[in-house]
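Throughout, read-outs are computed from the coordinates displayed, never taken from laboratory work. It should be emphasised that the depicted structure is a prediction, and the values quoted were computed from it without experimental measurement. Every residue, glycine as well, gets a Cβ built from its backbone with ideal geometry; the counts of neighbours run over all protein chains shown.
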Amino acid sequence: MKTVLVLNGPNLNLLGTREPAVYGSETLADVERICQQAALRLGLEAQCRQTNHEGQLIDWIHEAGRLCAQGEMVGVVLNAGALTHTSIALHDAIKGAAVPVVEYHISNVHARESFRHQSWISPVARAVMAGLGVKGYALAVEALVQVASAQAQSGKA
């Protein structure tokens, strides 16, 4: 069964307790359940991972690129948290691994502090989604399948 990789970056392990007015009361376990259910509806398996370390995200993106090239993985739903706004290394990893990525944010980052308006992920992502809460992860999984399928049909990396 092909997989979808769902990566969550720094501080997303604090979902449910961190700024519930912004992020809601659902936990990371709820996010993982939502993603797994969405993937199953599409005949896929979801692998969900979270880390507070940029290098770990980069390693997982490299791994996803290899698995996508082998036909074992569809791509990545990535909520890089604050690294979205600071990490050129994540940008380079996505570009270098040629992995389909849907960038996802629980809150509407464009309605928040100005430093959150710049994303280093967006230029290399196939799609960007924000502001739909944790339930939006299911839509991000569906979007990933759509963009990866369109990419495969067009023959683009």
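Could you work out the relative contact order of the range 3-154? I mean the mean sequence separation of Cα pairs under 8 Å and 6+ apart, divided by the number of residues, in percent.
Values: 281 pairs, mean separation 41.7, N = 152.
Normalised by residue count, the contact order of the range 3-154 is 27 percent.
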ask   = In the range 67-157, which trypsin sites (Lys or Arg not before Pro) are in a loop and have at most 11 other Cβ atoms within 10 Å, using DSSP for the loop call?
value = Lys156
message = Run the numbers for Arg33 and Leu132: contour at 0.36 nm per residue of separation, minus the present Cα-Cα distance, in nm.
response = 34.0 nm
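Quick one, can you get me the convex hull of the C-alpha atoms of the range 3-154 expressed as volume per residue in Å³?
Details: hull volume 14.2 nm³, N = 152.
Once divided by residue count, the hull of the range 3-154 is 93 Å³.
Just the ratio, please: alpha-carbon radius of gyration of the range 23-107 over 2.2 N^0.38 Å, N its number of residues.
Values: Rg = 13.1 Å, N = 85, 2.2 N^0.38 = 11.9 Å.
It is 1.10.
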query = At Glu19 and Gln151, where each label point lies 7 Å from the Cα along Cα→Cβ, what is the point-to-point distance in nanometres?
reply = 2.9 nm
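Before rounding to the nearest 500, sum -39500 (n - 2.57) across all DSSP H runs of length at least 4 in the chain and divide by the residue total; then give [θ] at 222 nm in deg cm²/dmol. Mind showing how you got there, number by number?
Working: 5 runs with 63 residues, N = 157.
Calculated mean residue ellipticity at 222 nm is -12500 deg cm²/dmol.
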remark   = Simple SL model, points at 7 angstrom along Cα→Cβ for Arg49 and Ala69; separation in nm is 1.7 nm
query = How big is the range 73-150 by Rg and Dmax over its Cα atoms, in Å?
reply = 11.9, 35
message = So if I place +1 on the C-beta of Lys and Arg and -1 on the C-beta of Asp and Glu, and nothing else carries charge, what would the dipole magnitude of the range 1-91 be about its Cα centre? I want it in debye, nearest 20.
response = 140 debye
